[in-house]
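Colleague: The structure's right below; bear with me while I get my questions together.
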Amino acid sequence: MALPWRHCWRWASGSTRTSLLETICCFNGGSATSLLRGTGTATGSGNEGLSSRTVHTTSLGNSILTRHKSRFLYPTPKPCYCKKIHSDAKLEDPFTLAQKDLNHLYDDIKKELFVSKSELKSICDYYFDGKGKAFRPMIVVLMARACNSHSSRDGDLLPGQRSIAMISEMIHTASLVHDDVIDGSDKRRGKTTINEVWGERKAILAGDFILSAASVALARIGNNTVVSVLSQVTEDLVRGEFMQLGSKENEKERFKHYLDKTFKKTASLIANSCKAVSILVNSDPEVHEIAFQYGRNVGIAFQLVDDVLDFTACASQLGKPSATDLKLGLATGPVLFACQQFPELQGMIMRRFSSSGDVARAWQYVQESEGVDQTNYLAQHYCQEAIRQISLLRPSLERDALIRLTQMVLTRDKGHRTKNVIDVRGFQCRSCRNPPSPLPPRLKKKKKRFLNQPPPFLQSGMSVRI
């Protein structure tokens, strides 16, 4: 049974400028996740939230954003589920720790994709050039080692755990190839997409081939439970893509739809891969759930930050054109939050920004709203829950590296946030030296601050899946 390690009591006080790690390592027992869970009291068992369940948000009462701030106004004792993970602690660098296990990642993938036909081989190897972030395999190998340490198993990774790290990168890359075909994208990771170089038909077949090779590697692991867990990822990817093609008229339903889609398209792969490596070394379902919930929350936070960067970073930082989501007709977190302040966005969202000038106007509305700040705030809460979950495992270098990695999700490309890069008068990036477009007078008059207003899906009695 997974138990919290070394209960200690600390005092959290001061201002909202408390460091992220200090804030999220110590939580108020009355709201364990601090984001979506509004009921329950601390029991000291450390098992809060380990199982998937539905809660009702009517019990949240006042604005959750206001409550988050008020928690730091008065000293309150809070249990800390950690060995010594405070703001002054030196956490392990996740890249350094995972490097040994990832040294041959792309070579192993190319071996799985080996074919005699040169063109198919060239297409399949195109994205496996070693220049990707390998974010998912890094999480998987760190989670595997953290679970091994928790289970008192030292030494190298199990062969199956190493294979799952490789498979996660293969599934992710295959989904990118298919996404680029669906979206008609011409840039990915700073270079021309496969569908632009070889055409859509060959790109689709290449994506299928990568998925099939991943399935073969998965079958070789020889664990039916692991096969079942990772097979869910493919189903979620397809369902998530279909969800992205649709939209909801109701504002509250739209936000839940967005988060559900985000889990299926992005977080499911990370969550189920983390769960799979834990299954291979530990039979405790609670450990499996810890691994899953960590991956789920980190994955959603990662995508939320990615959606923010689409508004705050220029193309050279993204490796693809900015404002891509708006051009594809997608209403992501910053837009949905901005819609609370600027109802004009409602019509644009429903017609998927298809009218002339919609993209430019929507961009300006987002810049004048608190959409970016609130999306970053929401991502912070998902990271908070991820750290709470992983802190339930036995202390280890890899566990601490996962905590550090969670922090890095929030701060990646920090120098290109809105206030540093985007001129609020328009939607051009300062680093691109392009002149900004002035905001229309009516937009200037409507600027408000809505930071104390919760997201739409938290304002009613809607049930939210944790």
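The values are calculated or read from the model by the stated rules, or taken from the named source; none is laboratory data. Just so it is clear, the model here is predicted, and its values are computed rather than measured. Backbone-built Cβ (ideal geometry, glycine too); neighbour counts: all protein chains shown. Each accessible area value is taken on the protein alone, full model and side chains, heavy atoms only, with ligands, DNA and RNA left out. Shrake-Rupley method; radii C 1.70, N 1.55, O 1.52, S 1.80 Å.
Colleague: Of all residues being surrounded by 24 or more Cβ atoms within 10 Å (Cβ to Cβ) and of a type in the set (Ser, Thr, Tyr) in segment 387-408, which is farthest from residue 148 (Cα to Cα)? Just the residue, please.
Modeller: Filtering first and then ranking leaves 406.
Colleague: Right, something else. Could you figure out which of (1) buried (at least 23 other Cβ atoms within 10 Å of the Cβ); (2) among the hydrophobic types (A, V, I, L, M, F, W, C); (3) over 21 Å from the mean Cα position of the chain (by Cα) isn't true of residue 174?
Modeller: Of everything listed in (1) buried (at least 23 other Cβ atoms within 10 Å of the Cβ); (2) among the hydrophobic types (A, V, I, L, M, F, W, C); (3) over 21 Å from the mean Cα position of the chain (by Cα), residue 174 misses just condition (3).
Colleague: Of a type outside the set (Phe, Trp, Tyr), in contact with a helix residue (DSSP H, G or I) (Cβ under 9 Å, 6 or more places away or on another chain) and closer than 23 Å to residue 370 by Cα, is that true of residue 310?
Modeller: For residue 310, the condition - of a type outside the set (Phe, Trp, Tyr), in contact with a helix residue (DSSP H, G or I) (Cβ under 9 Å, 6 or more places away or on another chain) and closer than 23 Å to residue 370 by Cα - is met.
Colleague: Is segment 144-156 home to any residue that is within 18 Å of residue 266 (Cα to Cα), in contact (Cβ under 8 Å) with a residue 60 or more places away in the chain and crowded, with 16+ Cβ neighbours inside 10 Å?
Modeller: No, segment 144-156 has no match at all.
Colleague: How many of the residues making up segment 192-214 are closer than 17 Å to residue 106 by Cα and open to solvent by 70 Å² or more (accessible area, probe 1.4 Å)?
Modeller: 0
Colleague: Further question on the same structure: Of the conditions (1) within 25 Å of residue 123 (Cβ to Cβ); (2) without any contact (Cβ under 8 Å) to a residue 12 or more places away in the chain, residue 227 satisfies every one except a single condition; which number is it?
Modeller: All conditions are met except number (1).
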